[in-house]
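Worksheet: the structure to be examined is printed underneath.
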Amino acid sequence: MHPCKCGYYGTKVPNHECQCTPLEVQRYRSRVSGPLLDRIDIQIEVPWIDINTLRREKEEKSSSEMREAIQKTRTIQEKRFTDSNINYNAEMNAKQVKTYCLLESSAEALLQQSFDQFGFSGRSLDRILKISRTIADLEGSDTIHLSHLAEAMNYRVLDRKV
């Protein structure tokens with residue numbers, strides 16, 4: 001969805017400045033209910049990018065490198081859940097989240113601060129922890145570090161108050 005009615009809220013598009021008031025932005029975003037948004041695991045903003053940036057070549061992982069990393073991560077998760085009826089982090093229940101989503105102390109502090117600041121729901125909290133666990137798995141880490149949690153929280157952009 002667009003960030004607001006005109007589509008330019010929070011963007012840096014040359015010659016296009018958002019004319020929406022904060023109330024209009026809030027009204028626009030409230031058209032999709034919070035409980036529905038809570039059920040979408042990853043919510044990201046796709047920023048406007050100028051043509052020069054789009055055309056510039058970047059050094060990125062190849063598809064085969066990405067596939068290999070994902071396969072390793074899936075194997076980690078399959079081993080983790082060998083004795084349960086699930087295969088992946090996204091399928092964890094609340095008890096499993098508490099067992100497998102262990103945060104380092106700095107990540108725990110960020111989670112508490114962010115929860116207070118942004119007013120995340122309980123469902124959002126579970127989503128953030130599951131995504132954090134997956135990011136940590138991608139890096140081969142048993143513990144969820146601050147960087148894993150911060151990245152996961154960035155994938156919950158629509159939970160933040162306008």
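The values are calculated or read from the model by the stated rules, or taken from the named source; none is laboratory data. Quick caveat, the model's predicted, so the values are computed rather than measured. When we count neighbours, we look across all protein chains shown, and the Cβ atoms used for this are built from the backbone with ideal geometry, even at glycine. Each accessible area value is taken on the protein alone, full model and side chains, heavy atoms only, with ligands, DNA and RNA left out. Shrake-Rupley method; radii C 1.70, N 1.55, O 1.52, S 1.80 Å.
Quick notes on this structure:
- Here region 28-40 is the region considered, the condition is being assigned to a loop (DSSP other than H, G, I, E, B) and aliphatic (A, V, I, L, M), and the residue that is least open to solvent (accessible area, probe 1.4 Å) is V32.
- Residues of region 7-27 that are modelled with pLDDT of 85 or more, open to solvent by less than 90 Å² (accessible area, probe 1.4 Å) and among the polar types (S, T, N, Q): T21 alone.
- Looking across region 41-60 at every residue that is without any contact (Cβ under 8 Å) to a residue 40 or more places away in the chain and either at positive phi or among the aliphatic types (A, V, I, L, M) (or both), the one that is least open to solvent (accessible area, probe 1.4 Å) is identified as I49.
- Helices (runs of 4 or more DSSP H) within region 80-162 that include 2 or more residues open to solvent by less than 20 Å² (accessible area, probe 1.4 Å): 105-118, 122-138, 146-154
- Conditions (1) closer than 24 Å to T134 by Cβ; (2) open to solvent by 100 Å² or more (accessible area, probe 1.4 Å); (3) part of a helix (DSSP H, G or I); number of the one not met by I70: (2)
- Some residue of region 73-85 being among the hydroxyl-bearing types (S, T, Y) and more than 27 Å from S141 (Cα to Cα): no
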